[in-house]
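To keep things clear, I will list the structure first and then write my remarks on it.
The values are calculated or read from the model by the stated rules, or taken from the named source; none is laboratory data. All values derive from a computational prediction rather than experimental measurement. Note that each Cβ is placed from the backbone with ideal geometry, even for glycine, and that neighbours are counted across all protein chains shown. Please note that ligands, DNA and RNA were not included when accessible areas were found on the heavy atoms of the full protein model with its side chains. Shrake-Rupley method; radii C 1.70, N 1.55, O 1.52, S 1.80 Å.
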Amino acid sequence: MTMPEGLERVFPEIVGRDTFDALVIRTDFSDNESWTVLVGELRRPWGPDGEFPARVQVVDAPDWSGATADEVLAAVDEDEYLSVVFVADRHTMESPTRGLLALSTVREDEGDLDPVYYQELIESPEPREFRAAPAAVHAVHVNVTLGNMGFAEFAAAASAEPDLVLRPV
């Protein structure tokens, strides 16, 4: 959906998300069968032995159709407890691995950084996104939320995979 210049899309408010619920937003509605399989995978218990219940809030509303990564990030900006959001876009629906787009919601305002001390960060900012298989979503969400691992660590692990999709850690 293309908006006239100067107008922003308004997305429905996301309510009721618990801090430990991974947030998955569907932005592609071209393949309902693939979506159904994806949601089933997201709802499976996770962990080395499947010992953790899946905690996921799925947003499946056509208002989000075609939303860009920037639009998703702007829409979830008010959730101060959200560190990562997952997007089920066209690539997700068409990929055999159903790799979701993981987006970091934490951004440094480079304008406030002193270039004397933070030149490396200014020149090489943290990664903003990577792809994650549905089975890896919960581990990414929980570990980034708790600060056990950083988003950049998961992004680096994904970039080391031949298809650039993070598998369960």
For this session: Give me a count of the residues in region 6-29 that are open to solvent by less than 70 Å² (accessible area, probe 1.4 Å) and part of a loop (DSSP other than H, G, I, E, B).
Result: 11
For this session: Could you run through region 36-66 and say how many residues are hydrophobic (A, V, I, L, M, F, W, C) and under 18 Å from Pro96 (Cα atoms)?
Result: 4
Problem set entry | Any chance Arg98 is within 17 Å of the chain's Cα centre (by Cα) and among the charged types (D, E, K, R) | yes
Problem set entry | Matching residues in region 30-61 - criterion: being open to solvent by less than 40 Å² (accessible area, probe 1.4 Å), assigned to a helix (DSSP H, G or I) and within 19 Å of Val85 (Cα to Cα) | Trp35, Leu38, Val39, Gly40, Leu42
Problem set entry | Scan of region 128-153 for residues that are touching a strand residue (DSSP E or B) at 6+ places or on another chain (Cβ under 7 Å) and farther than 19 Å from Tyr81 by Cα, ordered by number | Phe130, Arg131, Ala132, Ala133, Pro134, Ala135, Ala136
Seminar exercise, completed: Residue pairs qualifying under the 8 Å Cβ cut-off, at least six apart or on distinct chains, with the first in region 12-35 being closer than 9 Å to Met93 by Cα and hydrophobic (A, V, I, L, M, F, W, C) and the second being in a helix (DSSP H, G or I) and open to solvent by less than 50 Å² (accessible area, probe 1.4 Å), are Phe29/Trp35; Trp35/Met93
